[in-house]
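Remarks on the structure that follows.
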Amino acid sequence: MFGKLFGKKDDDTSHKPDAPEIMGLYLGGSFELDALKLRLLQPHLKIDGAASKHLIQAVGKVALDSGGNVFRFYTDDDAFLQVITDGGDTENHITDVKLWYFYDTMTVGSDSQWQDLLNNGISQPVYELDGDVYERVWDAVGEISPPVAMTETTFEEDGDVSTTDQFIMLYEKSISEDDVEAVLVSGEEKIVGNNHDRCLVISTGFNLSPSDITING
């Protein structure tokens with residue numbers, strides 16, 4: 001049913017061929033969201049002033065242990081459109097689409113702070129953000145649910161390619177009978193020179209349906 005979400009684009013050699021693509025979304029392309037849906041949702045979200053039109057400035061891809069992939073299309077509005085697939089990379093394999101906005105980024109300054117974040121900070125039964133409480137989505141068997149580890153490869157318009165190790169947990173709270181607001185908590189680590197560049201990234205987002213997005217090419 002996601003076929004309408006990602007329209008096919010005409011042959012175009014102007015974008016970077018090595019950057020991941022899926023169903024019409026690609027580095028340098030653009031898409032547009034249903035402006036009415038944004039106006040109706042935003043009073044219930046942490047996101048404020050979200051743009052309806054987005055230009056894709058970088059693309060990330062994560063290969064999941066389950067055999068699926070995570071595609072992230074980073075835009076000019078401090079946001080990223082995330083598409084998750086399972087078992088393949090066609091429209092029939094798409095299992096989840098969300099629009100995320102960066103909420104906060106905090107530097108992690110020491111090894112002890114980083115270990116405490118991995119052990120206690122990222123994964124909690126509930127996560128509080130600006131007075132609201134979100135419940136953990138990914139629970140493991142037993143009392144401990146560690147963050148999910150993954151490595152993202154990111155492709156930028158200038159040709160730069162980088163990798164980032166991420167340790168993430170997903171949280172949600174209901175905002176209506178059919179909608180939730182999601183929080184993604186991610187401890188991120190990148191090697192820069194001989195140093196570990198570490199930070200805690202918090203993003204908030206919401207689900208999208210096929211009719212909410214138009215691919216502009």
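When the chain is modelled as a GNM with alpha-carbon springs shorter than 10 Å, which of Ser186, Ser203, Ser174 fluctuates the most?
Checking each option, the largest mean-square fluctuation is seen for Ser174.
Rounded to the nearest 0.05, what FRET efficiency do Trp138 and Asp104 have when you use their Cβ-Cβ distance and R0 = 30 Å?
Result of the calculation: an efficiency of 0.90.
Which entries of Lys37/Lys98; Lys53/Lys173; Lys46/Lys190; Lys53/Lys98; Lys98/Lys173 show an alpha-carbon separation above 19 angstrom in the structure shown?
Cα-Cα > 19 Å for Lys53/Lys173; Lys46/Lys190; rest within.
With a ≥ b ≥ c taken as the square roots of the eigenvalues of the C-alpha gyration tensor of segment 137-217, please select rounded if a/c is under 1.5 and otherwise prolate if a/b is larger than b/c or oblate if it is not?
oblate
Rg and Dmax of the chain, Cα atoms, in Å?
So, for the chain, Rg and Dmax equal 17.3, 51 Å respectively.
What are the ³J(HN,Hα) values, in whole Hz, obtained from phi via the Karplus relation 6.51 cos²θ - 1.76 cosθ + 1.60 with θ = phi - 60°, for each residue of segment 143-154 in sequence order, with x given for Gly and Pro?
7, 9, 10, x, x, 7, 8, 7, 10, 9, 9, 10
By the scheme Lys and Arg +1, Asp and Glu -1, what is the net charge of all other residues having a beta-carbon under 14 Å from that of Phe102?
-3
What part of the accessible area of the chain, given as a whole %, is carbon or sulfur when the probe is 1.4 angstrom?
On the chain, the fraction of accessible area on carbon and sulfur atoms equals 46 percent.
Where is the GNM fluctuation largest for the chain (alpha-carbon springs, 10 angstrom cutoff): Asn119, Asn92, Asn195?
Asn195
Would you calculate, for the chain, the mean residue ellipticity at 222 nm contributed by helices, counting each DSSP H stretch of 4 or more residues as -39,500 (n - 2.57) and dividing by all residues, to the nearest 500?
Per the formula, -1500 deg cm²/dmol.
Just to confirm, what accessible area per residue do you get for segment 18-133 at 1.4 Å probe, in whole Å²?
Counting only protein heavy atoms, the per-residue value for segment 18-133 is 48 Å².
Compactness ratio of segment 108-154: Cα Rg over 2.2 N^0.38 Å, N = residue count?
1.33
Grab the beta carbon distance between Ile191 and Val126, set R0 = 35 Å, and tell me the FRET efficiency rounded to 0.05.
The calculated FRET efficiency here is 0.60.
For the chain, with a Gaussian network of springs between Cα atoms less than 10 Å apart, report the residue from Asp116, Asp96, Asp165 with the top mean-square fluctuation.
Asp116
Dividing the convex hull volume of the Cα atoms of segment 29-133 by its residue count, what figure in Å³ per residue is obtained?
Each residue corresponds to 159 Å³ of Cα convex hull volume.
According to the square roots a ≥ b ≥ c of the eigenvalues of the Cα gyration tensor, what is the shape class of segment 81-126, taking rounded for a/c under 1.5, prolate for a/b larger than b/c otherwise, and oblate for the remainder?
In terms of gyration-tensor shape, prolate.
The values are calculated or read from the model by the stated rules, or taken from the named source; none is laboratory data. Remember, predicted model here, so these are calculated numbers, not experimental data. Note that we place each Cβ from the backbone using ideal geometry, even for glycine, and neighbour counts take in every protein chain shown. Just the protein is used for accessible areas: all its heavy atoms, side chains included, with ligands, DNA and RNA removed. Shrake-Rupley method; radii C 1.70, N 1.55, O 1.52, S 1.80 Å.
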